[in-house]
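Structure first, commentary second.
Every read-out reported here was derived from the displayed coordinates using simple, explicitly stated rules and does not represent laboratory data. Model, not experiment: these values are computed from the prediction. Note: ideal-geometry Cβ built from the backbone for every residue, glycine included; neighbour counts use all protein chains shown.
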Amino acid sequence: MKIFSWITKDTNINFMKPRVYTYTLSALMVLMSVLLIAFKGFNYGIDFSGGILIEVASENKINLEQVRKELSTLSLDDLSLQTIGEDGDQLMIRAQTKEADEDSQREAIVQIKNKLGSSYEYRKIESVGPQVGDELKRAGVLASVIAIIAICIYIWVRFEWQFALGGLIGLFHDVLITVGLLSLFDMDISLTTVAAVLTLAGYSINDTVVTYDRIRENLRKFRRMPQIDLLNKSINDIFSRTILTSLTTMLAAAALFVLGGDVLRSFSFTILWGIIIGTYSSIYISAVFLNNFDLKKIQEDKEREDAANPFGNV
């Protein structure tokens with residue numbers, strides 16, 4: 001209860017003080033993400049890589065080595081077996097056929113089922129051709145690029161360029177670090193993961209917009225307040241709202257991560273991490289970045305422009 005009372009009351013935290021350390025931390029995370037993406041790459045799911053995906057369940061704990069030995073006699077490429085679930089009674093089988101066509105994939109599915117026998121329950125069977133996988137990969141990349149460009153245009157139009165630049169830096173910071181973590185932990189990159197990354201981008205920019213609106217409001221109200229104090233006050237003003245919103249959203253994402261199974265693991269992980277990094281960047285990247293500019297002069301210039309052209313925003 002004390003924690004919740006602390007969150008909901010007015011805070012007076014000096015967010016600007018550790019800005020050198022947070023910038024250093026962010027720079028290291030971005031650098032690590034770039035290196036991971038460049039040298040480690042991604043673990044593409046069945047949506048993008050093509051092939052066969054079969055999920056089976058057994059009444060008893062599955063002997064992974066025995067199953068691998070049985071399936072190794074089949075003409076399959078890139079055979080991958082992974083137990084899922086806490087009891088080890090569920091198994092995910094991934095494979096690609098030597099001939100990448102639908103007939104070969106259907107035949108391979110029949111062969112796998114014949115090898116495993118009727119003692120397994122087949123919970124999921126998917127097959128995606130390599131051409132379809134490449135098309136889905138291109139569509140996923142295109143959708144991500146278009147969405148991020150649209151967000152960039154909105155931010156650039158919505159705010160002065162100094163604010164817009166800070167928001168865009170925070171956005172790319174969040175997306176890049178999140179994608180780097182997906183590479184680090186070998187999370188499946190699928191269409192649902194792309195949807196989660198786009199959701200994270202929207203959440204991050206929404207948090208930044210709320211922070212920026214409060215900063216601009218305080219610029220009009222506290223004209224004589226030192227800039228660092230004004231930025232601290234603005235962040236503290238919306239801090240309880242930010243934390244409560246993040247916590248409630250994280251509870252839902254955490255439930256999906258724990259109980260959603262392997263199918264939703266990448267999606268829920270991306271959302272869960274995205275909430276954390278989005279909250280962090282809205283304060284320590286986007287808001288703190290504004291201290292590099294004379295915000296009071298920017299506000300005065302804007303007010304003079306509005307006074308000279310009162311119908312400019314209609």
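With r as the distance between the Cβ atoms of A255 and Y122 and R0 = 25 Å, compute the FRET efficiency 1/(1 + (r/R0)^6) and round to 0.05.
With a Förster radius of 25 Å, E is 0.40.
Starting from 0.36 nm per residue, how many nanometres of slack lie between L25 and F222 once their C-alpha separation is accounted for?
Gain on stretching L25 to F222: 67.8 nm.
Across every pair of different alpha-carbon atoms, what Kirkwood hydrodynamic radius in Å does the stretch 51-128 reach?
One over the average 1/r among Cα pairs gives 12.5 Å for the stretch 51-128.
How much net charge surrounds T248 when only other residues with a Cβ under 15 Å from its Cβ are counted (Lys, Arg +1; Asp, Glu -1)?
Taking every Cβ under 15 Å from that of T248, the sum is 0.
Most fluctuating residue of N63, N206, N291 in a GNM of the chain with Cα springs under 10 Å: which is it?
Largest GNM mean-square fluctuation: N63.
Compute the relative contact order of the chain as a whole-number percentage, counting only Cα pairs closer than 8 Å that sit 6 or more residues apart in sequence.
Answer for the chain is 25 percent.
Report, in debye and to the nearest 20, how large the dipole of the stretch 51-128 comes out about its Cα centre when Lys and Arg carry +1 and Asp and Glu carry -1 on their Cβ.
160
Roughly how many debye, to the nearest 20, is the charge dipole of the chain about its Cα centre, given +1 on each Lys and Arg Cβ, -1 on each Asp and Glu Cβ, and no other charges?
Here the size comes out at about 1500 debye.
Go ahead and run the numbers for FRET between E70 and N292, Cβ-Cβ distance against an R0 of 45 Å, rounding to 0.05.
Given R0 = 45 Å and the Cβ-Cβ separation, E is 0.10.
Using DSSP to define loop residues, name the trypsin sites (Lys or Arg not before Pro) in the stretch 93-195 whose beta-carbon has at most 12 other beta-carbon atoms within 10 Å.
Those that pass, being in a loop and sparsely packed, are K98.
Mind sorting T208, T83 by how few other Cβ atoms lie within 10 Å of their own Cβ, fewest first?
Fewest-to-most ranking of T208, T83: T83, T208.
Just to be sure I follow the definition: excluding the sites themselves, where is the longest run in the chain that has none of the GluC sites (Glu not before Pro) in a DSSP loop with at most 13 other Cβ atoms within 10 Å?
Here the longest run is 100-314.
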